[in-house]
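A short worksheet on the structure shown next.
The values are calculated or read from the model by the stated rules, or taken from the named source; none is laboratory data. No experiment lies behind these values; they were computed from the predicted model shown. Here the Cβ is made from the backbone with ideal geometry for all residues, glycine too, and neighbour counts use every protein chain on show. In case anyone asks, the SASA skips ligands and DNA or RNA and just uses the protein heavy atoms, side chains included. Shrake-Rupley method; radii C 1.70, N 1.55, O 1.52, S 1.80 Å.
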Amino acid sequence: MPKIIQLSPHIANLIAAGEVVERPASVVKELLENAVDAGASKVTVEIRDGGMTFLRVTDNGCGMTAEDAQTAFLRHATSKLRSAEDLAAIGTMGFRGEALAAIASVSRIDLMTKTPSSIEGVSLHLEAGEITERTEAGCPDGTTIIVRDLFFNTPARMKFMKSDTIEGSRVTAAVQMQALAHPSVAYRMLRDGKEVLSTPGTGKLEAAVYCIYGRECAHMVKVDSRWEQYSLTGYVSKPTDSRPSRAHQTFFVNGRPVKSKLLISALEEAYRNQIMVGKFPACVLHLALPANTVDVNVHPAKTEVKFLSEKSVFDCVHYGVLGALNKTPDRPNVQFKPAPKAEPVAPSQPPKAPIVKQENFFRTMTAEEFRTFSTAVRESPKPKPEAAAATAAKIQQTTLPPLRESVILPQTPSFPSPAPIPQVRIVEAPKPVPAPPPVPQEAEAEQTAMDMPTVADWKMVGELYNSYIIVEQGDNAFLIDKHAAHERILFEKLKANQEKISAQSLLAPIPVRLGPSAAGELLANRAMLEELGFEIDEFGENTVVLRQIPMDLSPENAADAVESLASDLLNGRHEEKDTVRDEILHTVACKAAIKAGWISDDAELLALVKQVMEREDLKYCPHGRPICITLSKKQLEKQFKRS
Ligand code: ADP
Ligand code: MG
């Protein structure tokens, strides 16, 4: 073993830089947080070449004295923390005292700063963390930091940088994030001389949201709830305006943008039974809680937090959002709203179980919260068994001879069901129409994905709910989910074709507005997307334009497909080309497939059934849901007490 030595401060800073300073966007984040901590009300960010060669942040905050300005660049130099006790209740954005030191160690910096009480300001120049020049300077109150040639002395890091376009988009995303985090600060951003963002800094969150998301946010629902020591404010999307990915979910905890699975599940729990599987709510939510109930010191970039009471936080977000959604008067009737173009329904994939059970909640609720909550619950959509029964009842009323027993389906799926049509088409079945089969709990296990029969003599009996095709073969009936089946067939077809996927050029290119950093990610994968039939170009901040899409995808579905692709790519699926390709094919297949609830003609249905019945490999859709379930004659006989 070599002898142990202590690392030099320069090397220690380089190591810290690896954690804090990943790319221009992370530099900007740190500098913007410093500006907020300095009490600035106006902050301007300017970048050139994606922030790689030039990045300037100017604020009108408290500034630094000449002495402080030099100390600021030392490792663990901070004005925000004095004792270990302070660490337990941090009220500032920064506190680790390493950002300036880390940034300085991998760049060339110019700093100009002046406090209101001093007559002259100070100007410093640093090269790789060393102060090389120090002069007095006439400058306005506040601080300006220019970071040039980021990573000029760490070529290994430099290699990880993407194109200027992508890095630039990430910087914009970081500024947007800060603007949403601090609505009382006016942010302005210039990218290569062009203004790409400007918020008024009025303190109103909606103003900032509007500047960033544009008109899209006009339909969002306001959340404003207080509970115990917590407050939750912001905007969430209506269930009908859900998104194909989580890219538009933004959470702040005490003004800090955070990534938190807990907050995501609390939000999504509020949409349970109201949103389609595979769709996600959008939000900009601020959670404010006492500083001593949250630990922000669990991650160098401070994007993760730990809550003292996860349960209370979950409840606060869950019921805060639920209450807001239930207050909106035009809440859609998710159960029976006619939806001829409904998205796929997923019988075997109910949303994830809630982290916190409702029963626990009552123990910690105040009386007032309980009242609000119980109203919310009363108004929330009815559980599914009743819905299924009601659907069945409706069908009975209109066309079918009355059944003796009302139909109760086990395994309640939780999504809006497609509207029942007043007719069940029968192709060649002289027998009584198969109504939704009464299947009690114990029969559930038997009704699994089928082992595909190879015997040929089957016949198509009809279709249920414009979604499930009924096929009879010997002593078995099969219910085929037409969307899932079609999706799988398309997927196989696309996958088998290893060549470039055939594409259609769009006469009118489609602009797609995306969440922060999604546009950059798509553009970074442009070559691969092109192989898959998408031609995508940059089109301003957060927006791309589609010029060409795969042949099988209809233009109306293209924007949605691209948004889910971006989210797949952002979720780190870009390592393996085959996986990404598969993901993209899933998305294309899913968007291009006929949907549950659509009216299909018999020829179309028959073609699907033929493939499903003949091909053993078609068992599950690309997302793992079964394509076909079996209902045996025996099962039915048992139900009718015949056996
Ligand atoms: P931290 O923010 O964790 O304290 P930094 O390295 O980011 O650590 O900054 C070190 C110190 O420099 C801060 O504590 C603050 O006193 C000072 N400082 C940095 N940026 C500014 C600014 N824009 N205006 C005033 N003071 C600043
Ligand atoms: Mg800081």
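Would you call Ser169 over 33 Å from the mean Cα position of the chain (by Cα) and touching a residue at least 40 places away in the same chain (Cβ under 8 Å)? No: the conditions fail for Ser169. Answer yes or no as to whether Phe73 is of a type in the set (Phe, Trp, Tyr), under 29 Å from Leu190 (Cβ atoms) and within 16 Å of ligand 2 (Cβ to nearest atom). Here the answer is yes, as Phe73 does meet what is asked. Going through (1) assigned to a helix (DSSP H, G or I); (2) of a type outside the set (A, V, I, L, M); (3) touching a Ser or Thr at 6+ places or on another chain (Cβ under 9 Å) one by one, Gly278 falls short only on (1). Of all residues in the stretch 529-556, exactly one satisfies the criterion of being part of a helix (DSSP H, G or I) and crowded, with 20+ Cβ neighbours inside 10 Å, namely Leu529. So, of the residues in the stretch 37-79 that are surrounded by 18 or more Cβ atoms within 10 Å (Cβ to Cβ), of a type in the set (S, T, N, Q) and touching a residue at least 40 places away in the same chain (Cβ under 8 Å), which turns out to be farthest from ligand 1 (Cβ to nearest atom)? Step by step, filter the stretch 37-79, then rank; the result is Thr44. Among the candidates Glu535, Glu530, the residue that is charged (D, E, K, R), at pLDDT 85 or above and closer than 16 Å to Asp560 by Cα is uniquely Glu535. Within the stretch 243-264, which residues are surrounded by fewer than 19 Cβ atoms within 10 Å (Cβ to Cβ) and over 22 Å from Thr92 (Cβ atoms)? Matches in the stretch 243-264: Arg246, Lys261, Ile264. Glu216 is checked against (1) under 17 Å from Leu55 (Cβ atoms); (2) open to solvent by 30 Å² or more (accessible area, probe 1.4 Å); (3) in contact (Cβ under 8 Å) with a residue 40 or more places away in the chain and fails just one. What number does that condition carry? Failed condition: (1). If you filter the stretch 1-36 down to residues that are under 30 Å from the mean Cα position of the chain (by Cα) and more than 15 Å from ligand 1 (Cβ to nearest atom), you find that the one that is most open to solvent (accessible area, probe 1.4 Å) is Glu22.
For the stretch 80-114, a residue qualifies if it is under 34 Å from the mean Cα position of the chain (by Cα), assigned to a loop (DSSP other than H, G, I, E, B) and within 11 Å of ligand 1 (Cβ to nearest atom), and the qualifying residues are Lys80, Ile90, Thr92, Met93, Gly94, Phe95, Arg96, Gly97, Glu98. Among the residues in the stretch 4-19, are any touching a residue at least 40 places away in the same chain (Cβ under 8 Å), more than 12 Å from ligand 2 (Cβ to nearest atom) and part of a loop (DSSP other than H, G, I, E, B)? Within the stretch 4-19, not a single residue is touching a residue at least 40 places away in the same chain (Cβ under 8 Å), more than 12 Å from ligand 2 (Cβ to nearest atom) and part of a loop (DSSP other than H, G, I, E, B). For Arg226, indicate whether it is closer than 30 Å to Gly50 by Cα and either of a type in the set (Ser, Thr, Tyr) or over 21 Å from the mean Cα position of the chain (by Cα) (or both). So Arg226 fails the test.
Do we have Ile109 as closer than 30 Å to Ser198 by Cβ, touching a Leu at 6+ places or on another chain (Cβ under 8 Å), surrounded by 16 or more Cβ atoms within 10 Å (Cβ to Cβ) and free of Cβ contacts under 8 Å to residues at least 60 places away in the same chain here?
Considered against the rule, which asks whether it is closer than 30 Å to Ser198 by Cβ, touching a Leu at 6+ places or on another chain (Cβ under 8 Å), surrounded by 16 or more Cβ atoms within 10 Å (Cβ to Cβ) and free of Cβ contacts under 8 Å to residues at least 60 places away in the same chain, Ile109 comes out as yes.
In the stretch 223-236, the residues that are without any contact (Cβ under 8 Å) to a residue 60 or more places away in the chain form Cβ pairs under 7 Å with partners that are part of a loop (DSSP other than H, G, I, E, B) and surrounded by 16 or more Cβ atoms within 10 Å (Cβ to Cβ), at six or more places apart or across chains, as follows: Tyr235/Met220.
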